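Below is one structure, written out as structure tokens; the observations come after it.
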Amino acid sequence: MGNSKKDLKPKVKKVPLKGMMDNVMEQFNSAANHINLHPNIRKILSITNNEILVNFPVKMDNGDVEVFTGYRVQHNGALGPYKGGLRYHATVDLDAARALAMWMTWKTSLAGLPYGGAKGGIKIDPALYSESELERITRRFTYALADNIGPEHDIPAPDVNTNSQTMAWIADTYMSSRPPAQRSANQHVVTGKPDGSGGLEGRDRATGFGVYLTIKFWADNNDMDLNGKKFIVQGFGNVGYWASHFLEKDGAKLVGVQDAQGGIENQDGLNVEALFKYNHENKGTIINYPDCSPVEKSEFFAIDCDICIPAALGNQITKKNASKIKAKLIAEGANGPTNVEGENILLERGIVIIPDILCNSGGVIGSYYEWLQNRSGEIWHLEEVLDKLRKKLKVSFDKVHDYSESEGVDMRTAAFCIAIKRIEKAYIQRGIFP
Ligand code: GLU
């Protein structure tokens, strides 16, 4: 690889923290320093491979045409096809997609999957569009992305505000644009499809189940019984709901929930299924749920509890609220929910963080199973899927735990070090073309 590790000391430019990109770069550089990452590989991994931006027109229900901006950022493909979600949210831009794509590279590497990392989406608030407008937006976005995605090249999946229906539209559009004899062979262009049209049984709960499992593994290692433990969840979407569902089954008590509209608290416990039903019947919000008190946005993380699960957006735990957190354990269901300044405060206070790239990796592991299932024409059943997921996550969790103990580093640094080393090895073995 040219320069030896000794010749070149990594140069790390300290920049003030701004967005998610600064956050992921600081996490990356700190792990890269720890493993003394080869400087050439540090250069490669510090930047994204490809950034696709598409502007595309869509006819609205009233006949007007609106032009949307969509993104797909492919960070690194050293380990296999690019993999990662598409989100529909007002915060989607190039910077966010870059950061989220990088996290996917570390996540798939840590999980031992044959994938690289990507992320993308459209800058929209889907609540402002009808179902048929969302279908046309999704199909036209897929058409605009064209061969920048593909089942052996870049495989999108659900993320914030996208779901199995979104994936079904993408799969159908992509497959319809292939010659007839190739259509079925392209079903795995996306994962997270509905059961019955190429989806995997259990993919819906895979991320939340994984969040629960990592909490359970940590609790077992620390002789902690989940029964009676109190937890709070930020975001009651797919990840927040399923994590709560499995924790409640183990006797833990959901005492606070926050969504984009507001927060609620009940120290006696909120019934997860009843809250899910309420959320569904009230246009996707939990506010005004009976028998609980409202919680100010700034006070949510200060709720009395043992476990805190941020399962919404990035940059939620910062220096503004990290000192107020009562939980002993943070399980990152979201991507990048804790920024570096917030994390430093938490670590100083002895609060443990199960990092996103481990904690929420059940989702992409489930996606991998769906992709394998489509490729081999098999159909796997729920119990089999959850069992495989449990075993695979346990391997990742133990690796991170052991590395963190043996190297005396926090779990995030440990997870990043393991992930980056695997990619470094692939580059060293292959060299750089030409
Ligand atoms: N959007 C999920 C994530 O952030 C899943 C990605 C995938 O399955 O490709 O991990």
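The values are calculated or read from the model by the stated rules, or taken from the named source; none is laboratory data. The structure displayed is predicted, hence computed values, not measured ones. Don't worry about glycine lacking a Cβ; one is built from the backbone with ideal geometry, like all the others, and counts go over all protein chains shown. Just the protein is used for accessible areas: all its heavy atoms, side chains included, with ligands, DNA and RNA removed. Shrake-Rupley method; radii C 1.70, N 1.55, O 1.52, S 1.80 Å.
Per residue, the average separation of C-alpha pairs within less than 8 Å and at least 6 apart gives the chain a relative contact order of 16 percent.
Determine, for each peptide in 235-243, 153-161, the mean count of other beta carbons within 10 angstrom over its residues, then list the peptides with the highest first. Each step should come with its number before you reach the end.
Working: 235-243: 25.4, 153-161: 23.6.
Packing order, densest peptide first, comes out as 235-243, 153-161.
Nothing charged except the Cβ atoms of Lys and Arg (+1) and of Asp and Glu (-1): what's the magnitude of the dipole of the chain about its Cα centre? Round to the nearest 20 debye. Please report the intermediate quantities before stating the final value.
On the way: 51 positive and 52 negative charges, 352 e Å.
For this selection, approximately 1680 debye.
Between rounded, prolate and oblate, where does the chain land on the alpha carbon gyration tensor, with a ≥ b ≥ c its root eigenvalues, rounded for a/c under 1.5, else prolate if a/b exceeds b/c? Spell out each step's value before the answer.
On the way: a/c = 1.45, a/b = 1.04, b/c = 1.40.
Because its axes are fairly even, with a/c under 1.5, the chain counts as rounded.
With a 10 Å radius around each residue's Cβ, average the other Cβ atoms per peptide and rank 244-255, 163-174, 388-399, highest first. Please list the in-between numbers first.
Numbers: 244-255: 19.7, 163-174: 21.2, 388-399: 17.5.
Listed from highest to lowest mean packing, they are 163-174, 244-255, 388-399.
How large is the accessible surface per residue of the stretch 337-431, computed with a 1.4 Å probe and reported in Å² as a whole number? Intermediate values should be presented prior to the final figure.
Working: 4040 Å² over 95 residues.
In whole numbers, the stretch 337-431 has 43 Å² accessible per residue.
Tell me, what % of the accessible area of the stretch 23-86 is carbon and sulfur with a 1.4 angstrom probe? Each step should come with its number before you reach the end.
Values: 1150 of 2330 Å².
Roughly 49 percent of what the probe reaches on the stretch 23-86 is carbon or sulfur.
Helices of the chain meeting both criteria, an alpha-carbon length of 20 angstrom or more along the long axis and an average Kyte-Doolittle score not below -1.0, with helices taken as full DSSP H segments, are 20-34, 94-110, 131-145, 203-221, 362-376, 382-407, 411-430. Take every DSSP beta bridge whose two residues both sit in the stretch 199-325; close to 45 percent of them are antiparallel. Distances between placed amide hydrogens fall under 5 Å for Gly192 paired with Leu200, all partners being 5 or more residues away or on another chain.
In this view, the solvent-accessible surface of Lys59, computed with a 1.4 Å probe and all protein chains in place, comes to about 130 Å².
The residue list Pro114, Trp380, Leu100 was ranked by how far each Cα lies along the charge dipole of the chain toward its positive end, using unit charges on Cβ atoms, and Pro114 comes out on top.
Calculated mean residue ellipticity at 222 nm for the chain: -13500 deg cm²/dmol, from DSSP H runs with n ≥ 4 weighted as -39500 (n - 2.57), summed, divided by the residue count and rounded to 500. From the alpha carbon centroid of the stretch 253-308 to that of the stretch 359-434 is 32 Å.
Is the shape of the stretch 329-434 best called rounded, prolate or oblate, per the rule: a/c under 1.5 gives rounded, else a/b larger than b/c gives prolate, else oblate, with a ≥ b ≥ c the square roots of the Cα gyration tensor eigenvalues?
Details: a/c = 2.21, a/b = 1.33, b/c = 1.67.
In terms of gyration-tensor shape, oblate.
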